[in-house]
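Student: Pasting a structure below so you can have a look.
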Amino acid sequence: MSIAESFSATLEEKRGSRDHEPTRLPLSGPWLHRFASGLAFLVVFLIAAGANVTSREAGLAVPDWPLSYGTLNPPRWWQIDNVRAEHGHRLLAGTVAILTVLLAVWAHRREPRRWVRRLSLGAVAAVLLQALLGGLTVRFFLPTPISVSHAALAQVFLCLVVTLAVVTSETWQRVDGSGPRVRLGSIPQWAALTTGLVFLQIVVGAVMRHSGAGLAIPDFPRAFGRWVPPRFDFPIAIHYAHRLGALAVTLAVAVSVIWVLGKLKSTKALRLPVLGLTVLVPLQITLGASVVLTSKAIVPNTFHVATGAAILATSLVLTLHAWRMGNPSRMNPERSSLIEG
Amino acid sequence: MKKRMWQGFSISVLCLALPVLMLVACGGGDAGSDSDEAMPAEDTAAPAAAFDESTVGALHGVVKYENGDDPDTAIRMSADPSCQGLHTEPVYTETLKAMDGNLGDVFVYIKTGLESYDFPAPSEPARLEQEGCIYHPHVSGIMVGQPLKIVNNDPTLHNVHATPSANPEFNQGQPFQGMELDKTFDTAEVMVPFKCDVHPWMSSYLAVVEHPYFAVSGEDGSFHIDKVPPGTYTVEAWHETLGTQVQEVTVGANETVELELTFKPAA
């Protein structure tokens with residue numbers, strides 16, 4: 001073979017190897033995932049800020065909306081506790097809304113998967129609706145149904161942002177069905193059930209909180225000195241339901257922990273959220289007890305709501321990764337849709 | 001394709017947001033009765049009775065407090081440094097103004113017996129002042145339809161939040177010193193609580209009644225209700241934590257009736 005022929009053959013070989021180069025992950029680049037992850041943490045902080053408003057009964061400390069005392073920033077707002085809580089919550093919510101729009105724009109520019117782009121639009125819709133609900137709750141003097149909806153939608157929005165963070169990660173996209181299948185048994189279903197239970201528990205907690213039933217049962221762990229309250233009205237019933245819900249969530253999480261750590265401790269994507277839950281759930285129970293025993297002191301009251309949001313996010317991460325690993329072939333359309341419009 | 005998706009998304013958000021925005025703009029908020037008055041219904045009731053003003057009597061008396069402690073505590077105003085800076089001495093809550101067995105800030109009024117009379121509301125406004133981050137007066141009365149002027153005398157922001165049950169609720173901000181708010185109440189109601197969501201220790205109680213025969217007991221427990229038409233009445237005394245006391249009285253022509261009303265500590 002002449003030198004020219006040899007050179008041509010080498011070029012052909014290199015060109016061919018480039019054609020079969022593995023696709024770089026994550027598909028939309030690492031920074032979209034990092035941005036979404038940072039936004040998810042900020043949403044948890046925003047939920048904590050909202051909980052702080054309710055805990056100090058500052059929900060109407062700024063009586064108008066969308067302005068605050070007729071301005072963008074009321075005079076000396078940062079110096080006055082209740083105004084700082086409410087107005088600060090609004091400023092943070094506005095920041096989160098802007099960042100969510102940025103995330104959606106970024107996803108539309110860089111993300112090849114159509115369903116992920118649509119999910120980002122869903123997050124934008126959710127945060128805008130959340131802002132409107134916040135305005136309604138002020139304009140109509142904190143009616144319970146609107147306040148509870150505002151609290152529940154906050155958790156839904158958190159789930160959307162967490163999902164975006166997870167599906168834009170390299171860990172998620174690395175699972176493409178080509179490797180050996182991980183045997184997870186019923187872990188995906190159990191994780192999904194746990195996440196559903198956590199969400200339901202949060203909604204029951206929101207109903208309890210916004211209907212003024214937080215101290216309907218004034219002692220802990222018993223109820224009026226017994227394990228079952230001697231009488232029931234709506235406040236006592238909803239409060240007791242929240243305590244029973246805590247028990248159910250604890251049991252569900254315990255099963256997940258035993259299952260994952262017992263059988264799949266080498267799978268980092270599952271191990272990390274499960275370890276997170278082993279810390280968060282006992283903390284949440286302690287905070288819940290503190291809320292009752294301190295007669296709803298602001299700090300434990302606020303952190304109890306924030307930790308609930310963190311548990312939901314962590315359980316959702318576990319659920320998503322478990323489903324991904326347990327059903328890679330069914331959840332692998334993106335490999336064939338890299339250039340989908 | 002992308003442009004169509006964005007258009008579709010924008011339209012969806014608008015369709016969702018517009019009705020909600022209209023609801024927010026039109027609904028709730030300060031739906032007090034300072035807006036345009038509705039046309040009064042045709043008066044088909046019997047004409048109001050009249051009384052001879054030369055025969056009017058009076059209700060004088062004292063409100064007593066039996067063997068109770070004063071639970072009022074010093075207010076911590078650290079939640080707003082401006083409020084804290086307005087006081088050099090401790091400021092106490094005004095829940096129970098008891099002194100030497102007498103009880104102040106008790107609203108005393110004729111509850112029944114005046115239904116056949118018609119009393120026009122005065123045009124002179126009653127006043128509710130916010131000074132030193134405290135509402136003044138703590139307990140007061142106003143007639144149905146009489147204007148109420150609420151004034152912010154402090155170098156800080158307040159929100160005036162009334163939570164009546166028979167009248168519309170309102171919550172309005174007064175971010176600057178000197179701001180005034182005018183309200184009227186169209187329905188009799190004992191009591192209309194006022195609070196400030198910025199300063200949780202602030203509270204005031206306003207009674208809305210259909211006649212001028214009411215008073216608030218002073219620090220010495222005394223009260224005076226003058227120019228009362230002769231008749232038999234139910235007199236009620238209201239306190240914010242101790243509840244109510246009721247007495248039946250008969251006021252004769254030019255007679256001054258002395259009353260003693262006694263409250264006991266809550267069990």
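The values are calculated or read from the model by the stated rules, or taken from the named source; none is laboratory data. All values reported here derive from a predicted model rather than from experimental measurement. Here the Cβ is made from the backbone with ideal geometry for all residues, glycine too, and neighbour counts use every protein chain on show. When the accessible area is computed, the model is the full protein with side chains, heavy atoms only, and any ligands, DNA or RNA have been set aside. Shrake-Rupley method; radii C 1.70, N 1.55, O 1.52, S 1.80 Å.
Student: Be a star and scan segment B:192-214 for residues whose amide nitrogen sits under 11 Å from the point 7 Å along the Cα-to-Cβ vector of B:H87.
Tutor: Under 11 Å, as judged by backbone N against the label point of B:H87, lie B:201-202 of segment B:192-214.
Student: For a quick protection proxy, order the peptides A:283-293, B:152-162 by their average other-Cβ count within 10 Å, most packed first.
Tutor: In decreasing order of mean packing, A:283-293, B:152-162 become B:152-162, A:283-293.
Student: Residues of segment B:216-232 with backbone nitrogen within less than 13 Å of a virtual label 7 Å along the Cα-to-Cβ line of B:Y117, please, listed as ranges.
Tutor: In segment B:216-232, the label zone of B:Y117 (backbone N under 13 Å from the point 7 Å along Cα→Cβ) covers B:225-232.
Student: What is the distance, in nm, between label points placed 7 Å from the Cα along the Cα-to-Cβ direction at B:E131 and at B:E255?
Tutor: So the two model labels end up 4.0 nm from each other.
Student: If you don't mind, there's one more thing I want to ask. Ratio of Rg to Rh for segment A:179-221, alpha carbon only, Kirkwood?
Tutor: When Rh is taken as the Kirkwood radius, the ratio is 1.32.
Student: Spin-label point model (7 Å from Cα, Cβ direction): what's the B:D186 to B:S222 distance in nm?
Tutor: Distance between the two pseudo-spin positions: 4.1 nm.
Student: Counting only other residues whose beta carbon sits under 13 Å from that of B:V139, what net charge do I get with K and R as +1, D and E as -1?
Tutor: In short, -3.
Student: Could you tell me what fraction of 2.2 N^0.38 Å the Cα radius of gyration of segment B:190-267 comes to, as a two-decimal ratio?
Tutor: That ratio works out to 1.31.
Student: Averaged per residue, what accessible area in Å² does segment A:248-311 show with a 1.4 Å probe, protein chains only?
Tutor: Dividing the accessible area of segment A:248-311 by its residue count gives 47 Å².
Student: Total accessible area buried between chains A and B, 1.4 Å probe, in Å² to the nearest 100?
Tutor: It comes to approximately 2800 Å² buried between A and B.
Student: While we're looking at this one, here's another question. For segment B:178-222, state which residues have at least 50 Å² less accessible area in the presence of all protein chains than in their chain by itself, taking the probe as 1.4 Å and leaving out ligands, DNA and RNA.
Tutor: Flagged in segment B:178-222: B:D197, B:V198.
Student: Let me ask something additional. Give the calculated FRET efficiency between B:F176 and B:M99 to the nearest 0.05, with a Förster radius of 30 Å applied to their Cβ-Cβ distance.
Tutor: 0.25
Student: How large is ³J(HN,Hα), in whole Hz, for each residue of segment A:152-164 in order, when computed from phi with the Karplus curve 6.51 cos²θ - 1.76 cosθ + 1.60 and θ = phi - 60°, using x for Gly and Pro?
Tutor: Each residue's phi maps through the Karplus curve to give 5, 5, 4, 5, 4, 4, 4, 4, 5, 5, 4, 4, 4 Hz.
Student: In segment A:217-317, which trypsin sites (Lys or Arg not before Pro) are in a loop and have at most 14 other Cβ atoms within 10 Å, using DSSP for the loop call?
Tutor: Qualifying residues, ordered by number: A:R222, A:R231, A:K265.
Student: Given only helices, namely DSSP H runs of n ≥ 4 each adding -39500 (n - 2.57), what is the per-residue ellipticity at 222 nm of chain A, to the nearest 500 deg cm²/dmol?
Tutor: -24500 deg cm²/dmol
Student: Based on alpha-carbon atoms only, what is the radius of gyration of chain A relative to the globular estimate 2.2 N^0.38 Å?
Tutor: So the Cα radius of gyration is 1.20 times the expected 2.2 N^0.38 Å.
Student: Can you give the direction-averaged projected area of the convex hull of the alpha-carbon atoms in segment A:137-272, in nm²?
Tutor: That works out to 11.0 nm², a quarter of the Cα hull's surface.
Student: Oh, and also: Taking the alpha-carbon centroid of each part, what is the distance from segment A:193-269 to segment A:288-314 in angstrom?
Tutor: Measuring centre to centre over Cα atoms gives 12 Å.
Student: Next question. Taking each residue in A:148-154, count the Cβ atoms of any other chain within 10 Å of its Cβ, then average. What number comes out?
Tutor: 0
Student: Got a sec to turn the phi values of segment B:105-113 into Karplus ³J(HN,Hα) couplings, 6.51 cos²θ - 1.76 cosθ + 1.60 with θ = phi - 60°, whole Hz, x for Gly and Pro?
Tutor: In residue order, the calculated couplings are 6, 9, 8, 10, 7, 7, 8, 9, x Hz.
Student: How large is log10 of I(q)/I(0) for segment B:105-144 at q = 0.36 Å⁻¹ when the intensity is taken from the Debye formula with one equal scatterer per alpha-carbon?
Tutor: -1.20
Student: OK, next. For segment B:77-88, just list the computed ³J(HN,Hα) in residue order, Karplus coefficients 6.51, -1.76 and 1.60, θ = phi - 60°, integers in Hz, with x standing in for Gly and Pro.
Tutor: 9, 5, 5, 9, x, 5, 5, 4, x, 7, 10, 9
Student: A further question on this structure: What would the Debye equation give as log₁₀ I(q)/I(0) for segment A:181-260 at q = 0.25 Å⁻¹, counting only Cα atoms as equal point scatterers?
Tutor: Listed by q, the Debye log ratios stand at -1.10.
Student: Still on this structure, I have one more. With every protein chain left in place and a probe of 1.4 Å, what is the accessible surface of A:H239, to the nearest 10 Å²?
Tutor: Approximately 10 Å² for this residue.
Student: Over what distance in Å are the Cα centres of segment B:220-267 and segment A:153-177 separated?
Tutor: 69 Å
Student: Can you figure out the FRET efficiency of A:W31 with A:S186, using R₀ = 45 Å and their beta-carbon distance, to the nearest 0.05?
Tutor: Efficiency, rounded to the nearest 0.05: 0.80.
Student: Right, next: Tally Lys/Arg at +1 and Asp/Glu at -1 over every other residue whose Cβ is under 15 Å from the Cβ of B:T156; what's the total?
Tutor: Result for the local shell: -4.
Student: Whose amide H sits under 5 Å from the amide H of B:L128, counting only residues 5 or more places off or on another chain, with H placed in the peptide plane?
Tutor: B:K149, B:I150, B:V151
Student: Could you tell me what percent of the accessible area of segment B:145-267 is made up of carbon and sulfur, with a 1.4 Å probe and every protein chain present?
Tutor: Taking all protein chains in place, segment B:145-267 shows 47 percent carbon and sulfur surface.
Student: Additional query: Could you pull out the pairs from B:K64/B:K111; B:K97/B:K195; B:K111/B:K227; B:K97/B:K227; A:K296/B:K195; B:K149/B:K195 whose alpha carbons sit more than 24 Å apart here?
Tutor: Result: B:K97/B:K227 exceed 24 Å.
Student: Another one. Sequence-distant or interchain residues sharing an amide H contact under 5 Å with B:T256, placed H: which?
Tutor: Placed amide hydrogens put B:A58 under 5 Å from B:T256.
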